[in-house]
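Undergrad: Pasting a structure here, questions to come.
The values are calculated or read from the model by the stated rules, or taken from the named source; none is laboratory data. These figures come from a predicted structure and were not determined experimentally. Here the Cβ is made from the backbone with ideal geometry for all residues, glycine too, and neighbour counts use every protein chain on show. For the accessible areas, the whole protein counts, side chains as well, though only heavy atoms, and no ligand, DNA or RNA atoms are used. Shrake-Rupley method; radii C 1.70, N 1.55, O 1.52, S 1.80 Å.
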Amino acid sequence: MTRLTDLAIRNLKSQTERMVADGEGLYLRVRPGATNKFWIFRFTQSGKTWKIQLGTYPYMGLSEARERARALAREHKAGLNPVFERDRRREEARLRELEASMKPSVEKLFFNWMAIDLKDHKDGGFAVRRAFEKDVLPAIGHLRVEDVQKIHLTSIVDSIVGRGSLRMAKVVFSLMRQMFRFAQDRDVISADPSQSIRKSKIGGKDVERDRVLSESEIRHLAEVLPKSGLRETTQLAIWIMLSTCCRIGELTRARWADIDLAAGVWHIPKENSKNGRPHVIYLSEYAQKLFGRLRAQQSLFHESAISVTIAPITWVYPNRN
C-alpha cells in the first residue's frame with residue numbers, strides 16, 4: 001500500500017466522498033468540493049467497525065495524525081476499545097474540572113469572604129479590599145486555597161515589613177488569618193495555613209502606638225502649619241483631632257446636628273465609632289472655638305455660592321460624595 005505524502009494530500013480531490021488509507025488504521029476522508037480533509041482512525045472489534053475523527057488537515061499534519069493513530073492502534077492491540085477509552089478520558093477530564101471548580105482560588109475565596117463577613121464594615125470592606133489587592137491577591141490570588149502554605153503568607157508579610165510598614169504587615173496578616181479561618185469553618189480547607197505563624201514574630205515588636213508628640217513638637221507644629229499651604233479647614237481638622245483625641249473617621253463622618261457648641265458636647269453615634277457604641281466628647285473652650293471657626297468658614301462659602309436653591313449645611317466636613 002502506498003503511504004500518503006503532504007504533496008499527495010494537497011492534490012487529493014474526489015468527485016465522491018471516499019476514505020484514502022495511509023496504514024495502521026489511519027484514513028483521510030475526502031469530500032467533493034470541500035477544502036478541508038478529515039483524519040479518521042478506523043478499527044474493527046467484536047465484528048463491528050468503529051471510527052474516531054482525529055482532526056482536520058492541514059490543521060493536523062500528516063506526522064501528528066500518524067502518531068495519534070499509532071497510539072490508538074496500541075490500545076486496540078491491547079484489547080481495549082479506543083472509542084471507550086476516549087470517552088473515559090473525557091469523563092475523567094470533566095470530573096477533574098468539576099473538582100477544581102469546587103476547590104476555589106484564593107481570589108474567589110476573598111470575594112466570598114467579603115460578601116459574607118465584611119459587608120457590615122462601615123466602609124463596606126473597602127480598606128480590606130485595597131490591602132488585599134495591593135499585597136495579597138497579586139501574590140497568591142491565583143492559587144487554590146488548599147495549595148496555600150505557610151511560606152506564601154510569610155513571604156507576603158515579609159515584603160510589607162521590608163518596605164517599612166510594620167503595622168500594615170500585622171494588619172494584613174490578621175486579615176489573611178480571618179479569611180483562612182472563614183474557609184476552614186466552611187470545610188473549604190482542612191487546616192488554616194496561618195495557624196503556626198505567631199503574629200508577635202512578624203517584624204518584631206510593634207511600638208508605633210507608643211509614639212506621642214512632645215510639647216515642643218506641638219509648639220513647632222503651631223509655627224509651621226500656617227506656612228504649610230494646607231487649606232484652613234484642613235489645619236482646623238488637625239487641631240480638632242489633637243484637642244479632642246477623636247479619630248479621623250469620626251471627624252469626617254460628623255454632622256453639625258451631633259455637635260452642641262453652646263453646651264460644649266459632641267455626640268458620636270454608634271455607626272461612626274470604632275467599637276460600634278455611641279459616646280460623647282466634652283469639648284474644651286479651645287475645641288469649641290475651633291468648631292466655631294470651621295462653621296464660620298463653611299457659612300461664608302455657603303452664602304457666596306451662586307445657586308437658586310442652597311441646601312442646608314449638614315456635614316462638618318462635606319465633600320461631593
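Undergrad: List every residue pair whose Cβ atoms sit under 8 Å apart, with the two residues 6 or more apart in sequence or on different chains, where the first one lies in the stretch 107-119 and is within 16 Å of residue 133 (Cβ to Cβ) and the second, anywhere, is not in a helix (DSSP H, G or I).
TA: 107/141; 107/142; 109/188; 110/141; 112/104; 114/125; 118/124; 118/125
Undergrad: Taking the stretch 86-123, which residues are farther than 28 Å from residue 161 by Cβ and among the small types (Gly, Ala, Ser)?
TA: 93, 100, 101, 115
Undergrad: Separate question: Would you pick out the residues in the stretch 284-301 that are surrounded by 16 or more Cβ atoms within 10 Å (Cβ to Cβ) and touching a Ser or Thr at 6+ places or on another chain (Cβ under 7 Å)?
TA: Hits for the stretch 284-301 are 287, 290, 294.
Undergrad: Being under 18 Å from residue 76 (Cβ atoms) and either of a type in the set (Asp, Glu) or not in a strand (DSSP E or B) (or both) is the filter here; which residues of the stretch 14-48 pass it? Talk me through it step by step, then tell me what you get.
TA: Of the stretch 14-48, the ones under 18 Å from residue 76 (Cβ atoms) are 19, 21-27, 39-48.
Hits for the stretch 14-48 are 22, 24, 25, 46, 47.
Undergrad: Looking at 95, 118, 109, which is the one that is more than 25 Å from residue 4 (Cα to Cα) and either touching a Cys at 6+ places or on another chain (Cβ under 9 Å) or open to solvent by 80 Å² or more (accessible area, probe 1.4 Å) (or both)? Break it down stepwise before answering.
TA: Numbers: 118 fails: either touching a Cys at 6+ places or on another chain (Cβ under 9 Å) or open to solvent by 80 Å² or more (accessible area, probe 1.4 Å) (or both); 109 fails: either touching a Cys at 6+ places or on another chain (Cβ under 9 Å) or open to solvent by 80 Å² or more (accessible area, probe 1.4 Å) (or both).
Checking each option against the conditions leaves just 95.
Undergrad: Here's something else I'd like to know. Inspect the stretch 111-129 for any residue being in a loop (DSSP other than H, G, I, E, B) and farther than 27 Å from residue 250 by Cα and give the result as yes or no.
TA: No, the stretch 111-129 contains no residue that is in a loop (DSSP other than H, G, I, E, B) and farther than 27 Å from residue 250 by Cα.
Undergrad: Checking residue 59 against (1) under 27 Å from residue 30 (Cβ atoms); (2) in a helix (DSSP H, G or I), which test does it fail?
TA: Every listed condition holds for residue 59 apart from (2).
Undergrad: A follow-up question, please. Output the number of residues of the stretch 122-133 satisfying the condition of being farther than 18 Å from residue 272 by Cα, among the charged types (D, E, K, R) and surrounded by 13 or more Cβ atoms within 10 Å (Cβ to Cβ).
TA: 2
Undergrad: Mind listing just one residue for me: the one in the stretch 192-219 that is at pLDDT below 90 and of a type in the set (A, V, I, L, M, F, W, C) and, of those, most open to solvent (accessible area, probe 1.4 Å)?
TA: Step by step, filter the stretch 192-219, then rank; the result is 212.
Undergrad: Give 289, 274 a once-over and let me know the one that is free of Cβ contacts under 8 Å to residues at least 40 places away in the same chain, part of a loop (DSSP other than H, G, I, E, B) and not aliphatic (A, V, I, L, M).
TA: 274
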